[in-house]
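See below for the structure under consideration.
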Amino acid sequence: MIDMAKGFTLVRDFDATPQDLWRAWTDPDEAAVWWHPSGVHTPRETVAIDARVGGRYAYTMVNDATGEQYPTGGVYREVVEPERLVFTWGLPDGDPDDAPLITVTLEPTDAGTRMTFDLRGFDAARGDGNVYDGWDSALDELDAHVTASAAR
């Protein structure tokens, strides 16, 4: 059983609209660009997203140095465009009831969007070199992606 008392929250401000960030989370072409920490990439052909309640997503991250693969996936529990995504996070074919839960909330601000990323069900903290640091780095990749997209 997952302990939902464990987890962490990251809050980021982006110079992008909620709709821009929504696309980055729900469009497979965009997700492939950023859905991984630094030093890892996500081949586009591994990304599948069905962003609807009960829909599944899957992607595989590949370590740039070693080639090690990290298949990831889950099920969408809540989808409110362009405000809120709630989904499980684990193995693509794993039991979603035994997976951590991620909630992404997008709120418009005068300067763009405030995104709150909350992961429940996994004990992680800054400096762990794993889940917390991986998501923190992936959100850096997201910021770079939406910034580059806005410049085009």
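The values are calculated or read from the model by the stated rules, or taken from the named source; none is laboratory data. The shown structure was predicted, so the numbers you read here are calculated from the model rather than taken from an experiment. When we count neighbours, we look across all protein chains shown, and the Cβ atoms used for this are built from the backbone with ideal geometry, even at glycine. In case anyone asks, the SASA skips ligands and DNA or RNA and just uses the protein heavy atoms, side chains included. Shrake-Rupley method; radii C 1.70, N 1.55, O 1.52, S 1.80 Å.
Tabulated data
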| quantity | calculated |
| --- | --- |
| Value of Rg/Rh across segment 1-102 [Cα atoms, Kirkwood radius] | 0.96 |
| The chain, relative contact order [Cα under 8 Å, separation at least 6], % | 30 percent |
| Residue-averaged 222 nm ellipticity for the chain, from DSSP H runs of 4+ at -39500 (n - 2.57), nearest 500 | -7500 deg cm²/dmol |
| Note, ³J(HN,Hα) from phi for segment 140-151, Karplus 6.51, -1.76, 1.60, rounded to Hz, x at Gly and Pro | 4, 4, 4, 4, 4, 5, 5, 5, 5, 5, 5, 6 |
| Integer Hz, Karplus 6.51/-1.76/1.60 couplings in order for segment 101-118, x for Gly and Pro | 10, 10, 10, 10, 10, 10, 10, x, 10, 4, 9, x, 9, 9, 10, 10, 10, 10 |
| Accessible area per residue, Å², segment 7-152 with all protein chains present, probe 1.4 Å | 48 Å² |
| Debye-sum result for segment 74-126 in log10 I(q)/I(0), which assumes one identical scatterer on each alpha carbon, at q = 0.32 Å⁻¹ | -1.17 |
| Fraction of accessible area attributable to carbon and sulfur, segment 20-117 (%, probe 1.4 Å) | 49 percent |
| For segment 59-152, Kirkwood radius (reciprocal of mean inverse C-alpha pair distance, Å) | 15.0 Å |
| Linear extension gain, residue 13 paired with residue 63, 0.36 nm per residue minus alpha-carbon span | 15.2 nm |
| Near-label residues of segment 109-150 by backbone N, under 16 Å of a point 7 Å along Cα→Cβ of residue 5 | 120-124 |
| Net dipole in debye of the chain [+1 Lys, Arg Cβ; -1 Asp, Glu Cβ; about Cα centre; nearest 20] | 180 debye |
